[in-house]
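K.L.:
Sharing a structure here in structure tokens format.
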2 protein chains.
Amino acid sequence: MRRDFDAGYVRMPYRRLVADFPDESAYPIKHFRVEWGPIFHRGRLDGTARVLVIGQDPAAHEAIARRILVGEAGQRAQGLLGRLGIERSYVFVNTFLYSVFGGSGSKYVDDEGIAAYRHRWFDAIVKHQPIEAIITLGQLADTAYQLWRTTPTGAANAAAYANGRHPTFPESASRSSGITKAEGFARLCASWNEVLDTLEGSVAPDTPVEPSRYGTTITDGDLVAIPARDLPPGLPPWMGALDAWAVRAGDTKQLKRASITVTVPTAARSWPPVTG
Amino acid sequence: MRRDFDAGYVRMPYRRLVADFPDESAYPIKHFRVEWGPIFHRGRLDGTARVLVIGQDPAAHEAIARRILVGEAGQRAQGLLGRLGIERSYVFVNTFLYSVFGGSGSKYVDDEGIAAYRHRWFDAIVKHQPIEAIITLGQLADTAYQLWRTTPTGAANAAAYANGRHPTFPESASRSSGITKAEGFARLCASWNEVLDTLEGSVAPDTPVEPSRYGTTITDGDLVAIPARDLPPGLPPWMGALDAWAVRAGDTKQLKRASITVTVPTAARSWPPVTG
């Protein structure tokens, strides 16, 4: 079976970046899930990325696949890139290397040890790849971008820029504020349509697409699976497909923090059913 | 934090080998856990491996870490290499790319599609790395080796050779035959002492060690953790440490096949306990 894969952190400066990274001394373990290890990126590091997408922090799927934005949020973001005709010439980097735990992680966005390392990634990417546009997803990612713009390399960067809401804004906003999930989706779509308004024309598509806009919600048709070329060698195809496959279970909060259960989605269970 | 890592399948011919591999058409999904994807190797692919270890098939830990022989079996094998003074100049490849499911997988050891691909790995390793000794763990691995010896490259190979029992022989033999686990451990130790008898002198150690032999069982002191340099970038240290962290759970046999639960070992939970 032929299957594409991401060879990973083969070249400098990325090879150096993944060999020495901020740990608990920069990311307090009370507020970040440092125990799952850093998860660095997804997408091209070979000099072909033309869009840099800045996300927020990894979650359960990402801790297993060892690439960021592979779960639901990533598939929504992949759909946004698709509307720009960008199928492969992108790279994702997050604001945080580790998953935020609880509500206090966001205040660390401008911590020196965290920001300095993040700036090294941004610097490496704009130096070694022909980035035409930068998209940030969510407020923290926008802050990460603005902080970088105060550095010499960030200030000199001429890429087009657009900030959109975080892909899981509907879920988080409906939990934390008074709005309904439907209203959250409507706001996400409006925000992402603005991103498209800003960037169409600034980014040469991999494959020309007719301009299109989101409706008032994200439908299944707006999700795009994670390409095999973004995943480490040997990962099964369902780890990039649309069905969720990782969850933090555990009967207590402590065990929930300590564990992730990976389940092959029903659609991918091609074996003869095992009974008993 | 500085942390070593395995950069993976960077070079030819390995890069080609992981891009096109046998799937369900060679490995019947009734007998192999093809759904977790192929897991190819552990150790050096950079021309520095002097010992090739052939194992059997990956299990739960390996499906998550995406390297073979990282769980209990791997730590026992790592201890065996340690007694030869081999700390880094090794490479592990398995008889099977996928975990055997149920009791009928072993008959596929000589299936053409399976053996031919395995031979390509062995050929690549002996061609591109200065292999001085080959160790097989278990009967299937010995069969895999003997089959390869009937090929031109295998026949021409002059590396020293030793077969030892599979590292989890005590557990499997006590389940499937009448012997006690203690007797199984005694046989494993005797077998691995014979491997040492055979290979001492044939393998130049990475670090000189005093010759030593196993007692009548495998103690915790006989286990060696998986080095960071064998694991993909970013994996947390506990994925190479001695405590088990992956299990196939699930309330039904079907769900047990479909899932793996990863749990950070207690010793690695350095966060303030989460209550509730």
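The values are calculated or read from the model by the stated rules, or taken from the named source; none is laboratory data. Quick caveat: nothing in here was measured; it's all calculated off a predicted structure. Every residue, glycine among them, receives a Cβ derived from its backbone with ideal geometry; neighbour counts consider all protein chains shown. With ligands, DNA and RNA removed, areas are computed over all heavy atoms of the protein, side chains included. Shrake-Rupley method; radii C 1.70, N 1.55, O 1.52, S 1.80 Å.
K.L.:
Pop the C-beta distance of B:Val10 and A:Ala160 into the FRET formula with R0 = 22 Å and round what comes out to the nearest 0.05.
P.N.:
Using R0 = 22 Å, I get an efficiency of 0.10.
K.L.:
Provide the buried accessible surface between chains A and B in square angstrom, both chains summed, 1.4 Å probe, rounded to the nearest 100.
P.N.:
Buried: approximately 4600 Å² between B and A.
K.L.:
Which is farthest toward the positive dipole end of the stretch B:199-276 among B:Ile218, B:Thr263, B:Gly240, measuring Cα position about the Cα centre, with Cβ charges +1 (Lys, Arg) and -1 (Asp, Glu)?
P.N.:
The listed residue farthest towards the positive side: B:Thr263.
K.L.:
Under the Kirkwood approximation for Rh and a Cα-based Rg, what ratio Rg/Rh is obtained for the stretch B:152-276?
P.N.:
Result: Rg/Rh = 1.05.
K.L.:
So for the stretch A:59-200, taking the charge dipole from beta-carbon charges (+1 Lys/Arg, -1 Asp/Glu), which of A:Val100, A:Thr198, A:Pro130 sits furthest toward the positive end?
P.N.:
With unit charges placed on the Cβ atoms, the residue in question is A:Val100.
K.L.:
Here is a follow-up. Compute the signed sum of charges (Lys and Arg +1, Asp and Glu -1) over the other residues within less than 10 Å, Cβ to Cβ, of B:Ser174.
P.N.:
Net local charge, B:Ser174 excluded: 0.
K.L.:
Also, quick follow-up: How many nanometers, to one decimal and shortest first, lie between the label point of A:Asp220 and those of its other copies, if labels sit 7 Å from Cα toward Cβ?
P.N.:
So the distances to the same position in the other copies read 5.1 nm.
K.L.:
For chain A, modelled as a Gaussian network with Cα springs under 10 Å, which listed residue fluctuates most, A:Gln146, A:Gln56, A:Gln129?
P.N.:
Its mean-square fluctuation being the largest, the pick is A:Gln146.
K.L.:
Would you kindly derive the ³J(HN,Hα) couplings of the stretch A:43-52 from the backbone phi angles with the Karplus curve 6.51 cos²θ - 1.76 cosθ + 1.60 (θ = phi - 60°), listing them in order in whole Hz, with x for Gly and Pro?
P.N.:
x, 7, 10, 9, x, 10, 6, 10, 10, 9
K.L.:
Let me ask something else. Note down the net charge around A:Ala162, summing +1 for each Lys or Arg and -1 for each Asp or Glu among other residues with Cβ under 11 Å from its Cβ.
P.N.:
Taking every other residue near A:Ala162 into account, the sum is -4.
K.L.:
So how much accessible area does B:Glu183 have, in Å² to the nearest 10, using a 1.4 Å probe?
P.N.:
For B:Glu183, the solvent-accessible surface is approximately 80 Å².
K.L.:
Can you say what percent of the DSSP beta bridges in chain B, counting only those with both residues inside, are antiparallel? Round to 5.
P.N.:
Percentage antiparallel, nearest 5: 30.
K.L.:
Past the 25 angstrom mark, what percentage of all C-alpha to C-alpha distances in chain B do you count?
P.N.:
46 percent
K.L.:
Further, regarding this structure: Looking at chain A as a GNM with Cα springs under 10 Å, which of A:Thr95, A:Thr136, A:Thr266 has the largest mean-square fluctuation?
P.N.:
Answer for the Gaussian network model of chain A: A:Thr266.
K.L.:
Using alpha carbon centroids, what distance separates the stretch A:45-115 and the stretch B:117-184, in Å?
P.N.:
So the two Cα centres are separated by 42 Å.
K.L.:
Mind putting together the pair-distance distribution for the stretch B:1-47? All Cα pairs, 5 Å bins, whole percent per bin, short to long.
P.N.:
5, 16, 23, 17, 16, 13, 6, 3, 1
K.L.:
If the label for B:Ser202 sits 7 angstrom from Cα along the Cα-to-Cβ line, what are its distances to the same label in every other copy, in nm to one decimal, shortest first?
P.N.:
Nearest to farthest, the other copies are at 6.4 nm.
K.L.:
Rounded to the nearest 20 debye, what is the charge dipole size of the stretch B:132-272 about its Cα centre when +1 sits on each Lys and Arg Cβ and -1 on each Asp and Glu Cβ?
P.N.:
So the magnitude is around 760 debye.
K.L.:
To continue, here is another question. Sticking to Cα atoms, compute the Rg of the stretch B:1-90 to one decimal and its Dmax as the biggest Cα-Cα distance, whole number, in Å.
P.N.:
Spelled out, the Cα radius of gyration and Dmax of the stretch B:1-90 are 14.4, 44 Å.
K.L.:
Right, something else. Enter the mean projected area of the convex hull around the alpha-carbon atoms of the protein assembly as shown, in nm², rounded to one decimal.
P.N.:
26.4 nm²
K.L.:
Treating only the Cβ atoms of Lys and Arg (+1) and Asp and Glu (-1) as charged, compute the dipole magnitude of the stretch A:30-146 about its Cα centre; round to the nearest 20 debye.
P.N.:
240 debye
K.L.:
Kindly give the distances from A:Lys30 to its copy-mates, label point to label point, with each label point 7 Å from Cα along Cα→Cβ, as nm values to one decimal ordered shortest first.
P.N.:
5.8
K.L.:
A:Cys189: net charge of surrounding residues, Cβ under 15 Å, Lys/Arg +1, Asp/Glu -1, itself excluded?
P.N.:
0
K.L.:
Oh, and also: Would you please classify the overall shape of the stretch B:46-118 from the alpha carbon gyration tensor, given that a ≥ b ≥ c denote the square roots of the eigenvalues, rounded means a/c under 1.5, and beyond that prolate means a/b larger than b/c while oblate covers the rest?
P.N.:
Here the stretch B:46-118 falls in the prolate category.
K.L.:
Provide B:Glu194, A:Glu112, B:Glu200, A:Glu35 ordered by accessible surface of protein heavy atoms (probe 1.4 Å), highest first.
P.N.:
Ranked from most to least accessible, the order is A:Glu112, B:Glu194, B:Glu200, A:Glu35.
K.L.:
Which of the lysines could a cross-linker bridge to A:Lys107, judged by Cα under 17 Å and excluding same-chain residues fewer than eight apart?
P.N.:
Within the straight-line cut-off, A:Lys107 pairs with A:Lys30.
K.L.:
Still on this structure: Highest GNM mean-square fluctuation, chain A, Cα pairs closer than 10 Å: which of A:Ser191, A:Ser99, A:Ser212?
P.N.:
Judging by the Gaussian network model, the answer is A:Ser212.
K.L.:
Next up: Express the relative contact order of chain A as a whole percentage, based on alpha carbon pairs under 8 Å and six or more residues apart in sequence.
P.N.:
24 percent
K.L.:
Let me ask something else. Run through the DSSP bridge list for the stretch B:36-176 and note the antiparallel percent, rounded to the nearest 5.
P.N.:
20 percent
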